Amino acid sequence: MFRRQGWDLTALLNAAHPQAPLAERNLWLVRLIEWLRHAPLKDDRAPAATAAAPDSTAAPATLPAPLPVRRLKYLLRMLERHPDHAKAFAAVIASVWADVDAISLFAEVGFAPRMALWGEFLGRLRRRLLPQTADTRDLAELFELLFPHEDDEAWINAVDDELLERLSLLFAGAPEGDWREEMRAAITVLVSSVRAAGLSGALRARMDPKRLASRPFRNLATAWERVEHALVEHDRAALPAALQYLRGLLDECRAAVRSVPEHLEEHGVSVDLMFGVEQMQARLRRVEDLLAVLLADHPRRELLRLVASLVSVVHDRRSIRTLFARHYSLLARKVAERSAETGEHYITRNRDEYGDMLRRAGGGGLVIAGTTFMKFAIMALGLSAFWGGFWAGVNYAGSFVLILLMHWTVATKQPAMTAPALAEKLRHIDRSDGLEAFVDEVAHLFRSQTAGIIGNLALAAPMVLVVQLAAWLSLGKPLVGAKEAEHVLHGLTVLGPSLFFAAFTGVLLFASSLIAGWVENWFVFHRLDSAIAWNPRIVARLGANRARRWSRWWRDNISGLTANISLGLMLGLVPALLGFFGLPIEVRHVTLSTGQLAAAAGALGLDVLKHWPFWLCVIGILGTGVLNVGVSFYLAFKVALRSRGIKLADQKRVRAAIWTRLRRQPMSFLVPPKS
């Protein structure tokens, strides 16, 4: 059609043929926009000898117009001076408009054909990977080819009123009634989609019943029909009342849709559901945008704004990252909130709670001591990497679940649960007492975490030594021998990769809390607690009272069970799976590592205390504890902040308040208050 490398305007104008096949005319439009966007002014050649030089004048003290706008002015000057080119130019645009389906542009751009997040993800992936064609009658598809760059929105908005007036030359052949008819049809499509989605059971069950009392979704189509009739018949007397009723219904629909997140605590959240909510909100905004164009006396500016907004929507819909960042934010919030509720149980605020935490952590330490010996037993079997990891994971998971059922605790499970609870306090730091309350919570959390670690290690290590000593006395040799002990000293030393492994374990600790929140949300979303309590077959087998008790038990413990089972299996299986891919990554859990080091000391005797390898392992365990706790807390805290939309503009004020408390009351971070 023309030489792209030279950006030849003459060839572009000569190639304007209204009778050409639609695919060629579409491609011609694409080349035209490319010329506006990319071609340097100095390379232009006028279509006739009398062509004027490019417009290079600019008002003093003002920023130059974007390049496409300057090129558009240049193009319009060419067409104004050469009527034959202008006539062919306008005829091509009019013929394209006549042959394409414009309803899709106004009613479908930016919207998914199905209310499913993963279906939209696959559609976006296809659009990113597969080339598009200009051989189409769908104006929505052509629009994506015309404006493939994000900065197109900026230069479209930069078109001034004078240039907008002159642009009417390019659309001289397109009857005004045609685009108005297409817009009215598009509103009909949008209203039908909103009505159908609003009446669907999944969304209707999660809307505030008060918002549905006036039946806004049911009446929406009838209200639009009245407005459309008044617009077509030019009935100025009936239009204001019909329009007021329609906009009132649109407001009620928006209010009903906004009420959906408020009811998700009871019903659970689904990313597909929230995707549908956002799609409804976007369609309601599009209806308002189209109405603004249809009702404007001079709609050129409104049309330009609409085109610019459509360009923005096209690029938002291309982005896979934006899709998941937007639609998983609410799920992250619900997961964080559920973790925050659980995390409250891990925070001690007085001496009684502190003592209770020490006792529960001590119980967890006793179980971990048994876990340590089971780990050595599994290693002694010499299983393959996968099965060794699997049974190690079962060992960990079983121990963690036993600790949960005994109402004891493992210190490293606390950070991922307590971080969301701490983030919740940040919402109130702007109040007079909010910052002080947040610092109090930081002190409570640090003290609780310290108590958990002390309680775990205070009983895990001595219990392992007692078992080793008992084995010496009864069997003449320890359960864990010298060979295994040497391996432990080599693996836990701070001079090796132990600290990196500890940080990686912190990631797994955080991941287990996310899995727990997701499973609990799934449990609530599918109403499994209600099914256990009221399913006829379950009630007939268990009895009504027992079924309700089981329902409450599962609702209260599903998160804890999932967190502990998932953590245990990940600690065992993830290293084995990574090893399959040649990544020699292991896990370092502070309590388990302490038990292993105690077993090594029990095998090697007191002389081990005289050698540096033992103390290097002690230092490594201290670093392991810090990294286990720090990494999991940091990740959980960041998710909690983002899920709540909290931005710490006053981070310095928060840090200063914490340092002030450290200087004035350092023991408050270690010792609970008397009352």
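The values are calculated or read from the model by the stated rules, or taken from the named source; none is laboratory data. Keep in mind that this is a model prediction, so the values were computed, not measured. Please note: Cβ atoms are built from the backbone with ideal geometry, for glycine as well, and neighbour counts cover all protein chains shown.
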_Per-region count, segment 209-226, residues in contact (Cβ under 8 Å) with a residue 24 or more places away in the chain and of a type outside the set (Phe, Trp, Tyr)_ = 8
_I'm trying to understand the selection: among the residues of segment 571-582, which are small (Gly, Ala, Ser), in a helix (DSSP H, G or I) and surrounded by fewer than 21 Cβ atoms within 10 Å (Cβ to Cβ)?_
ALA576, GLY579
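If you go through segment 79-136 one residue at a time, how many are acidic (Asp, Glu), assigned to a helix (DSSP H, G or I) and over 28 Å from the mean Cα position of the chain (by Cα)? Break it down into steps so the answer makes sense when it comes.
In the first step, residues of segment 79-136 are kept if they are acidic (Asp, Glu); the result is 80, 84, 99, 101, 108, 120, 135.
Still in the running and assigned to a helix (DSSP H, G or I): 80, 84, 99, 108, 120.
Add one more test, that the residue is over 28 Å from the mean Cα position of the chain (by Cα), and what stays is 80, 84, 99.
Of the residues in segment 79-136, 3 are acidic (Asp, Glu), assigned to a helix (DSSP H, G or I) and over 28 Å from the mean Cα position of the chain (by Cα).
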_Which residue is nearest to the chain's Cα centre (by Cα), if the candidates are limited to segment 609-642 and must be aromatic (Phe, Trp, Tyr) and more than 20 Å from GLN596 (Cβ to Cβ)?_
PHE637
*Which of (1) outside any helix (DSSP H, G or I); (2) surrounded by fewer than 21 Cβ atoms within 10 Å (Cβ to Cβ); (3) of a type outside the set (Ser, Thr, Tyr) is the odd one out, the single condition MET207 does not satisfy?*
(2)
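To keep it simple, each residue is scored yes or no on (1) modelled with pLDDT under 90; (2) within 30 Å of THR222 (Cα to Cα); (3) out of contact with any Phe, Trp or Tyr (no Cβ under 8 Å at 6 or more places or on another chain).
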site	(1), (2), (3)
ALA112	yes, yes, no
MET115	yes, yes, no
ARG126	yes, no, yes
THR136	no, no, yes
PHE143	no, no, yes
PRO148	yes, no, yes
ALA172	yes, no, yes
SER192	no, yes, yes
_Residues that are under 22 Å from VAL109 (Cα atoms) and in contact (Cβ under 8 Å) with a residue 60 or more places away in the chain: list the helices (runs of 4 or more DSSP H) wholly contained in segment 232-319 that include at least 3 such residues._
271-295, 300-318
*Residue check: is ILE585 of a type in the set (Val, Ile, Thr), at pLDDT 80 or above, assigned to a helix (DSSP H, G or I) and farther than 18 Å from GLN449 by Cβ?*
no
*Give just the number: which of (1) of a type in the set (A, V, I, L, M); (2) more than 16 Å from ALA196 (Cβ to Cβ); (3) crowded, with 16+ Cβ neighbours inside 10 Å does ALA241 not satisfy?*
(3)
_When residues of segment 328-353 are limited to those that are crowded, with 19+ Cβ neighbours inside 10 Å and either touching a Pro at 6+ places or on another chain (Cβ under 8 Å) or at pLDDT 80 or above (or both), the one farthest from PHE525 (Cα to Cα)_ = THR348
*How many residues are closer than 18 Å to LEU404 by Cα and outside any helix (DSSP H, G or I) if we restrict to segment 525-559?*
0
*Filter segment 522-578 down to residues that are under 26 Å from the mean Cα position of the chain (by Cα) and more than 29 Å from PHE504 (Cα to Cα), then give me how many there are.*
6
